[in-house]
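S.K.: Quick one: the structure is below, and I'll ask about it shortly.
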Amino acid sequence: MPGRPVGEERIKIVVGLGNPGPRYALTRHNAGFMVADELAGRWGVGFREDAGPSLVGEAVVAGERVLVVKPLTFMNASGRAVGLLVAREKIVPQSVLVVYDDLHLPLGSLRIRRRGSAGGHKGMASIIEIMGTAELPRVRVGIGPPVGPAADFVLAPFSAAELVIIKTVVARAATAVEKVLREGLEPAMQEFNAKGIY
């Protein structure tokens with residue numbers, strides 16, 4: 001199996017974005033939390049509450065320590081939690097992989113990118129603002145197309161039919177994260193960026 005390319009920052013923190021609490025558990029905006037939960041389950045790690053404030057799990061993947069994180073700041077202030085963890089771990093922003101929902105991508109699709117704008121996603125915007133850079137690798141989980149106002153759409157729960165798809169996509173996203181951790185961003189992008197495959 002090929003290793004990570006020389007010069008590429010190793011991912012040390014995987015952050016799944018969402019809103020805490022049972023009210024938001026199965027809403028579209030919590031796709032990132034769902035992926036974080038899937039990874040924690042695969043890796044056999046539990047979450048502990050961190051002073052971030054975040055829920056943090058610690059695993060060893062491909063021989064390297066990795067934190068899987070769910071910020072508890074609510075979506076629009078995600079950068080505060082991520083910034084505190086980055087400062088405490090003394091890492092560069094490029095060592096953080098952010099996983100989040102994207103209403104501009106069709107349900108069932110994934111996009112992995114090395115960098116980019118927030119694309120209107122307020123959680124990602126908060127992280128970019130706090131980090132001072134858009135050079136942040138990310139896995140975007142498609143939840144679109146939106147129906148009605150975007151704010152209402154992302155905070156609404158998945159329908160029963162959508163849940164069937166999203167559970168499969170969450171599993172694919174977790175596998176994509178694992179490939180990034182083991183082989184790097186480029187191999188993961190080549191494998192998982194195909195449209196509409198779930």
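Bear in mind that the values in this text are calculations on the coordinates, not laboratory data. Bear in mind the structure is a predicted one, so any value in this text is a computation, not a measurement. As a convention, Cβ positions derive from the backbone with ideal geometry for all residues, glycine included, and neighbour counts pool all protein chains shown.
S.K.: What ranking of 90, 179, 70 emerges when the number of other C-beta atoms within 10 Å of each C-beta is taken as an exposure proxy, fewest first?
M.R.: Least crowded to most crowded, the residues run 90, 179, 70.
S.K.: Based on the alpha-carbon gyration tensor of the chain and its eigenvalue square roots a ≥ b ≥ c, which shape applies: rounded if a/c is under 1.5, prolate if not and a/b is larger than b/c, or oblate?
M.R.: Judged from the Cα gyration tensor, the chain comes out rounded (a/c under 1.5).
S.K.: So, one more: Work through the residues other than residue 47 whose Cβ is under 11 Å from its Cβ and net out their charges, Lys, Arg +1 and Asp, Glu -1.
M.R.: With Lys, Arg at +1 and Asp, Glu at -1, the neighbours total -2.
S.K.: Now, a different point. Which is farthest toward the positive dipole end of the range 13-192 among 151, 168, 41, measuring Cα position about the Cα centre, with Cβ charges +1 (Lys, Arg) and -1 (Asp, Glu)?
M.R.: Towards the positive end, the residue furthest out is 151.
S.K.: Keeping to pairs on different chains or 8 or more places apart, tell me how many lysine pairs in the chain have Cα atoms under 22 Å apart.
M.R.: Count of close lysine pairs: 10.
S.K.: Something else now. Express as a percent, rounded to the nearest 5, the fraction of DSSP beta bridges in the chain (both residues included) that run antiparallel.
M.R.: Bridges in the chain are about 55 percent antiparallel.
S.K.: Determine the sum of side-chain charges near residue 115: Lys and Arg each +1, Asp and Glu each -1, restricted to other residues whose C-beta is under 9 angstrom from that of residue 115.
M.R.: So the surrounding residues net to +2.
S.K.: Net charge within 15 Å of residue 88 by Cβ-Cβ distance, Lys/Arg positive one each and Asp/Glu negative one each, not counting residue 88 itself?
M.R.: Surrounding charge for residue 88 is +1.
S.K.: Now a separate question. Among 183-191, 29-37, 91-99, how do they line up by average Cβ neighbours within 10 Å per residue, starting with the highest?
M.R.: So the order, starting with the most tightly packed, is 29-37, 91-99, 183-191.
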